[in-house]
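For reference, the structure discussed in these notes is given below.
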Amino acid sequence: MSELSNAKKQADTVNAVNAASSHTLLEGRLGYHLESALLVRALTHRSYAYENGGLPTNERLEFLGDSVLGLVVTDTLYRTHPDLPEGQLAKLRAAVVNSRALAEVGRGLDLGSFIRLGRGEEGTGGRDKASILADTLEAVIGAVYLDQGLEAASHLVHKLFDPLIEKSSNLGAGLDWKTSLQELTAAEGLGVPEYLVTETGPDHEKTFTAAARVGGVSYGTGTGRSKKEAEQQAAESAWREIRTAADERATAEKIAAEQAAITAKAAADAATEAATEAEDAVTDASEASDEEAADTPSSSEPADRASA
């Protein structure tokens, strides 16, 4: 028992050293040194907590970090886009503050390798799940806010999300493909889009496929690890196809209108030229008649010569 106890203590010591080293690595990527217990809590997923006697989870920190992230991003968008209406600002924020975007930022930090996961989640690819990565990143932001205040948390959000904010500002319709598709189909009088979604694979690793239909016509498909992601991809494909067709139709109509205008102008020019030629002909005929009359002797000229 003594040997087992010593071995366990040695293993715990090694694990503690490894954890401290990994935390230092994460803190280096974040640019902040956090109070150890707070960082541990931010990285503790509920699956790990439940499997280890009900430890505190990161869910409260996640709740806090979500609000901090939303505030900083909203403030940034409001100040940098003074002319955008509320609806467009909301689209921009949604493009930045969503699970997929947060997960990508988390992957950039290799955040998944630092999360404390239960065996169940570990075995089903939890370290790369978008929802877990997004929640953990928000918990880390919440931890920075608690440990170092709003200014530090705001600096971290800017460091991690400013590139995404800038990219989103240039996306246009890509901010929300489903909304953009619905707006486009309404403008074109095509009806409301519908999405047919199928799924394949085991519960822990499902793949969703969505088909976008408008007015009974299929326009595009998309796949993703979530239903929402698949629908967004399908909406993007449909939007591009419908937008291209609308643009081509508008171009053809513009060319036809320009050609009609050219034809009408040519006809008007020809009519003007004909009228001018006719007027010139009348003028020429009148002048010729006047000249002929001037060259013909009057009837009184012979009598005058005889009397002379």
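Miscellaneous remarks
- Under the condition of being out of contact with any strand residue (DSSP E or B) (no Cβ under 6 Å at 6 or more places or on another chain) and closer than 12 Å to residue 143 by Cα, the residues counted in segment 31-66 number 19.
- Every residue from segment 68-77 that is in contact with a helix residue (DSSP H, G or I) (Cβ under 8 Å, 6 or more places away or on another chain) and free of Cβ contacts under 8 Å to residues at least 40 places away in the same chain: 70, 74
- Single residue of segment 82-97 satisfying the filter (in contact (Cβ under 8 Å) with a residue 24 or more places away in the chain and small (Gly, Ala, Ser)) that is surrounded by the most Cβ atoms within 10 Å (Cβ to Cβ): 95
- Checklist (1) open to solvent by 50 Å² or more (accessible area, probe 1.4 Å); (2) touching a residue at least 12 places away in the same chain (Cβ under 8 Å); (3) part of a helix (DSSP H, G or I) applied to residue 156, failing item: (1)
- Residue within segment 80-87 that is out of contact with any strand residue (DSSP E or B) (no Cβ under 9 Å at 6 or more places or on another chain) and of a type in the set (Ser, Thr, Tyr) present: yes
- The residue that is surrounded by the fewest Cβ atoms within 10 Å (Cβ to Cβ), counting only those in segment 49-73 that are touching a Gly at 6+ places or on another chain (Cβ under 6 Å) and either at pLDDT 95 or above or not in a helix (DSSP H, G or I) (or both), is 64.
- Scan of segment 183-232 for residues that are under 30 Å from residue 128 (Cα atoms), assigned to a strand (DSSP E or B) and open to solvent by less than 80 Å² (accessible area, probe 1.4 Å), ordered by number: 195, 197, 207, 208, 209, 210, 211, 212, 220, 222, 223, 224
- Meets criteria (modelled with pLDDT under 90 and open to solvent by 50 Å² or more (accessible area, probe 1.4 Å)) for residue 100: yes
- One residue stands out in segment 26-47 among those that are in contact with a helix residue (DSSP H, G or I) (Cβ under 8 Å, 6 or more places away or on another chain) and open to solvent by 60 Å² or more (accessible area, probe 1.4 Å): the one that is farthest from residue 154 (Cα to Cα), namely 46.
- Restricted to segment 235-277, and to residues there that are open to solvent by less than 70 Å² (accessible area, probe 1.4 Å) and in contact (Cβ under 8 Å) with a residue 40 or more places away in the chain, the residue that is farthest from residue 220 (Cα to Cα) is 246.
- Filtered by the rule that a residue be part of a helix (DSSP H, G or I), open to solvent by less than 20 Å² (accessible area, probe 1.4 Å) and either farther than 17 Å from residue 160 by Cα or free of Cβ contacts under 8 Å to residues at least 12 places away in the same chain (or both), segment 115-144 gives 126, 132.
The values are calculated or read from the model by the stated rules, or taken from the named source; none is laboratory data. Given the structure is predicted, the values throughout are model-derived calculations rather than measurements. Neighbour counts run over all protein chains shown; Cβ positions are idealised from the backbone, glycine included. Note: areas computed on protein heavy atoms with side chains; ligands, DNA, RNA excluded. Shrake-Rupley method; radii C 1.70, N 1.55, O 1.52, S 1.80 Å.
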